[in-house]
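Below is one structure, written out as structure tokens; the observations come after it.
The numbers here are math on the coordinates, done by the rules we state, and not lab data. Fair warning: this is a prediction, and the values are worked out from it, not measured in the lab. Here Cβ is always computed from backbone atoms with ideal geometry, including for glycine, and neighbour counts include all displayed protein chains.
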Amino acid sequence: MIGLIDTADVYIQNASGVYATLAQAGLRCRLAHVNTQAASSGVERAELAALRNLIWDPGYVMPEAAQLVAGDGGRWNVQAGTLKALRGPSGTITYRQCDVVRAADG
């Protein structure tokens, strides 16, 4: 898909609950800012600033409980319940999408 200009490594939790198990290396993706125009307060703007929209290659099915390490070293947690497989006019999945939020430890 055009526009997948970033890469990220996807980690899942190990038995200790730490995101240390590499599930997918070098996933082609794009982290996009969420529109902050609707935020009416500083707190709301800060919350939106920590939120990103992630789109990625349609061939990879993202786990609901995953953490990404972006190319810049930033860590992002997948928001369960936001994963989507978006289809084009032909019915094939053209890309996948979810919300991610900046990880507290990253």
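For the reader, a short list of remarks on this structure follows.
- Added length on full extension, which subtracts the Cα-Cα distance from 0.36 nm per residue, Val61 to Ala25: 11.6 nm
- Zone of Ala80's modelled label, taken as backbone nitrogen in region 8-33 under 20 Å from a point 7 Å along Cα→Cβ: 10-24
- Residue-count net charge about Gln79 - beta-carbon cut-off 12 Å; Lys, Arg +1, Asp, Glu -1: +1
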